[in-house]
């Protein structure tokens, strides 16, 4: 376990702007002594995980509300799976409301930090928020999380009667009854009804979870269809724009080549005129010198 002072510095590391993470981590590792290797191993989070981390550090009230709602929803599912009463629908509604509020706050933090809020980033943030709490320390997420179905309830004890009942061992033959009052026939029926009720609750919980998972899977796939459709449309527009730019470039090249040829001709013409003018200047100087000599002789 890292020393408390180092632990606080690591917390500060995950609060920095994302582009400062790597140089700050490397600088911290140089001063970490025996913990240098552990510090160098700290992973720079992707943009979505970084944004969720900032929600923890900058808005603890929203974060705590989200985590409490998530844990409460899990407790409700656990109660149902254990055969006890639990209002799964109400707990899930509270969790969804808390997740929506956390998503809005996180996207605002991301935008205020100067990062673009793309559809892919928004989806990654939303899935991570709904999967909290994760297995990493709060505020130090290093990866995008995915909401679980029954895997988030792994290890919970399910009420008796859930799933396929085990085959009962054969009972020994009863001893010869004595003169006692026989049990009322309704006693065995009540036990059977209780087991049937438990199995029905378990089946209902499984169906509700499966329905929720299926709805989320459909929403994710619909989001992916919309996103990939937009990407394809943007790519098609980019191709068309590139083709137009290429045509313009070809036209500009032809125009430039013509202008270059014209400039070369004009340069050659100017050079010839300059040469002729130079020759004329030499002849004029000769005539002027001759005239000057004639003046002297007179």
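Any read-out appearing in this document is the output of simple, stated calculations on the displayed coordinates, not a laboratory observation. The model shown is predicted, which means the values in this text are computed figures rather than measured ones. Every residue, glycine among them, receives a Cβ derived from its backbone with ideal geometry; neighbour counts consider all protein chains shown.
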Study note, to complete from the structure: Residue separation between residue 258 and residue 19 times 0.36 nm, minus their alpha-carbon distance, gives in nm 81.2 nm
Revision key, fill the gap. In nanometres, the difference between 0.36 nm per residue of separation and the alpha-carbon distance of residue 240 and residue 270 is 6.4 nm
Practice item. Starting from the Cα of residue 36, step 7 Å along the direction of its Cβ; do the same at residue 89; then give the gap between the two resulting points in nm. Key: 6.1 nm
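Work out the FRET efficiency for residue 284 and residue 250 from their Cβ-Cβ distance, taking R0 = 51 Å, and round it to the nearest 0.05. The partial results should precede the final answer.
Details: r = 51 Å, r/R0 = 0.99.
After rounding, the FRET efficiency stands at 0.50.
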Revision key, fill the gap. Most exposed to least, judged by fewest other Cβ atoms within 10 Å, 57, 50 sort to 57, 50
**Study point:** Inter-label distance, nm, simple model (7 Å from Cα along the C-beta direction), residue 118/residue 64
**Key:** 3.6 nm
